[in-house]
């Protein structure tokens with residue numbers, strides 16, 4: 001059975017073991033959470049295959065497994081949260097040829113006694129927490145064809161006995177702490193090897209330039225495995241290779257001329273993060289996924305076939321226009337989904353040929369030298385999820401055609417020369433999570449329609465010429481108002497697990513790149529504009545906001561009293577405004593705050609006493625002449641203390657006192673003539689009013705007389721007694 005919900009079946013082991021003739025049992029992804037680990041005996045006398053993949057057995061391997069000695073050939077307990085270690089009773093399964101225990105929480109060392117399983121053909125212990133060396137006894141399992149040890153904490157050298165496993169087809173030992181030098185001699189017996197993964201280790205792959213391997217690989221993963229500085233020429237002997245990853249491998253060399261033609265049959269190719277050079281002007285790329293980023297390639301952009309789905313050539317030295325690349329004639333419909341050409345020396349205007357690339361979902365042309373306007377044809381990319389055009393020389397306004405890109409989740413146009421108003425239709429892009437318009441020439445007010453972007457987590461419009469008041473509806477950013485972070489936030493924008501969407505943001509006073517952790521960022525940056533008015537109290541409802549920068553504007557009034565509700569704030573910058581009054585005591589409730597700047601305002605009184613606020617240096621408060629207290633050197637006098645007791649400044653107090661006197665005078669006049677005028681001009685009302693006063697007088701007189709009479713009677717009785 002597969003994906004059948006059996007979580008209520010607590011004693012399923014005992015029930016099924018009654019089927020003594022059962023030969024194969026598949027209960028995969030069935031929500032089982034108990035394997036009766038303490039049970040000593042089961043009656044699976046005929047069982048040859050037991051697959052319990054993808055359940056929730058949060059305990060150790062069960063004791064009853066050792067009863068399956070006579071018949072069990074295949075055991076799969078992968079993805080089960082199993083704990084503890086592999087018990088020595090596992091060797092009782094002497095006929096076992098497949099053992100899969102991957103993606104659990106197994107610990108300690110891989111036991112030497114696993115080497116006693118003479119018939120073992122496939123062993124998978126991937127993604128556990130095994131430590132120590134790889135046991136050399138595994139070399140005794142001469143039938144072993146598939147060995148998966150990826151993603152543990154294994155260390156030491158790779159055992160020499162394992163290089164003698166002549167039947168080995170898959171060797172997967174990456175993402176461990178193994179340290180050794182591997183030469184061509186080690187592979188002499190591995191003629192059947194098809195899959196080799198030694199990535200993310202400290203292994204040095206050192207072979208002669210004229211080496212001809214005895215194998216024909218289908219997949220080679222050597223990322224972060226040192227094999228440079230020379231380009232590995234032995235690769236051209238591997239004619240069956242489908243996936244090649246030699247990224248971060250220390251290669252400092254020119255890519256040989258044979259490489260690009262040889263590589264045309266490879267599906268995935270990763271050469272990133274080396275210092276590989278060469279002019280690619282005449283190269284034609286035909287791979288499905290191509291990662292050439294962070295190298296030293298030069299020349300014009302290469303041509304690509306319609307089969308390419310991911311092309312990352314960022315952080316190189318490509319130059320010239322992009323028009324010949326985008327406007328090339330393709331032999332078929334393009335499948336390109338992700339294009340990253342950022343951080344090169346490309347120049348010229350963006351061409352009008354975007355309609356030929358409608359499968360694009362992620363485009364990054366940032367940090368180049370493009371000029372001119374953003375063409376309207378960019379709006380024909382209806383599947384677009386992320387658009388990066390930051391740090392170029394683009395001018396004009398944001399094209400209205402972008403409103404048709406309804407799936408757009410990230411838009412970064414910062415660092416250009418764009419002008420005009422932020423368009424009202426921006427509120428129609430309801431999938432938008434990050435909007436970065438920093439360092440342009442936008443004018444006017446922030447449109448109220450921006451508050452329709454309830455999924456927005458990053459809003460950066462700093463360093464523009466925007467004016468007006470800060471919209472009070474920013475509390476509609478619901479993902480900023482919650483502390484929880486959805487698991488899928490920004491993951492729907494990623495085009496590969498190898499390349500996560502990122503942004504360069506100014507969050508703590510300097511530029512930082514957020515990549516891989518972008519979903520945890522909550523930011524509003526309106527700094528360096530001409531905003532006026534007060535800070536909206538509604539901002540304090542954004543409890544999940546982590547970075548707030550309103551500095552270098554013309555804001556007035558007080559800091560909202562409820563700012564202490566913004567408990568997730570890490571950085572708060574309100575400097576260089578006209579803010580006044582006291583610093584609210586609730587600011588001390590921001591216990592995660594590690595950057596505060598309130599300088600160059602008109603705050604007064606004592607800085608509130610708290611461990612948090614006194615931990616910042618004086619720079620956070622300078623430029624406020626009437627502010628006193630630690631960490632400033634100015635001590636608070638009695639006058640400062642009395643000022644500190646007020647919650648309004650002198651100008652506000654004088655204004656409010658004048659209005660108080662005026663309202664008292666108006667109230668007296670209205671009240672006096674409202675009553676006396678009516679009595680003066682309305683005879684019947686005047687008679688009724690005075691009759692009412694007479695009645696009240698008589699009632700009071702009678703009540704007092706009765707009370708006095710009662711008091712005298714009681715006093716006489718007391719004296720007589």
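The values are calculated or read from the model by the stated rules, or taken from the named source; none is laboratory data. This structure is a prediction, so every number in the text was calculated from the model and none was measured. With ideal geometry, Cβ positions are generated from the backbone for all residues, glycine too; neighbour counts draw on all protein chains shown.
Every condition in (1) part of a helix (DSSP H, G or I); (2) crowded, with 22+ Cβ neighbours inside 10 Å holds for residue 363 except the one numbered (1). I'd like the full set of residues that are surrounded by fewer than 20 Cβ atoms within 10 Å (Cβ to Cβ) and in contact with a helix residue (DSSP H, G or I) (Cβ under 7 Å, 6 or more places away or on another chain), limited to the range 502-523. The answer is 502, and nothing else.
Of the strands (runs of 3 or more DSSP E) lying entirely inside the range 512-576, those carrying at least 1 residues that are at positive phi and touching a residue at least 12 places away in the same chain (Cβ under 8 Å) are 530-534, 554-557. Taking only the range 593-612 into account, find how many residues are closer than 27 Å to residue 529 by Cα, free of Cβ contacts under 8 Å to residues at least 40 places away in the same chain and either outside any loop (DSSP other than H, G, I, E, B) or out of contact with any strand residue (DSSP E or B) (no Cβ under 7 Å at 6 or more places or on another chain) (or both). Going through the range 593-612 one residue at a time, the tally reaches 5.
Taking the numbered list (1) assigned to a loop (DSSP other than H, G, I, E, B); (2) touching a helix residue (DSSP H, G or I) at 6+ places or on another chain (Cβ under 8 Å); (3) more than 29 Å from residue 173 (Cβ to Cβ) in turn, residue 64 passes all entries but (1). As a summary of the residue check, residue 85 satisfies the conditions (1) over 19 Å from residue 119 (Cβ atoms); (2) crowded, with 17+ Cβ neighbours inside 10 Å; (3) touching a strand residue (DSSP E or B) at 6+ places or on another chain (Cβ under 9 Å) except for the one numbered (2). Taking residue 215 as the residue in question, decide whether it is touching a helix residue (DSSP H, G or I) at 6+ places or on another chain (Cβ under 9 Å) and either part of a helix (DSSP H, G or I) or at pLDDT below 95 (or both). No, not satisfied.
Going residue by residue through the range 632-647, is there one that turns out to be modelled with pLDDT under 60 and part of a loop (DSSP other than H, G, I, E, B)? Yes, the conditions are met somewhere in the range 632-647. Count of the range 150-181 residues, restricted to those that are within 14 Å of residue 201 (Cβ to Cβ) and outside any strand (DSSP E or B), is 9.
When the criteria are applied in full, residue 76 fails the requirement of being over 16 Å from residue 124 (Cα atoms), modelled with pLDDT of 90 or more and touching a strand residue (DSSP E or B) at 6+ places or on another chain (Cβ under 7 Å).
For (1) more than 17 Å from residue 450 (Cα to Cα); (2) touching a helix residue (DSSP H, G or I) at 6+ places or on another chain (Cβ under 7 Å); (3) at pLDDT 95 or above; (4) not assigned by TED's automatic domain parsing to the domain that holds residue 471, each residue gets a yes or a no:
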{"site": "525", "(1), (2), (3), (4)": "no, no, yes, no"}
{"site": "528", "(1), (2), (3), (4)": "yes, no, yes, no"}
{"site": "534", "(1), (2), (3), (4)": "yes, no, yes, no"}
{"site": "540", "(1), (2), (3), (4)": "yes, yes, no, no"}
{"site": "543", "(1), (2), (3), (4)": "yes, yes, no, no"}
{"site": "552", "(1), (2), (3), (4)": "yes, no, yes, no"}
{"site": "556", "(1), (2), (3), (4)": "yes, no, yes, no"}
{"site": "561", "(1), (2), (3), (4)": "yes, yes, no, no"}
{"site": "566", "(1), (2), (3), (4)": "yes, yes, no, no"}
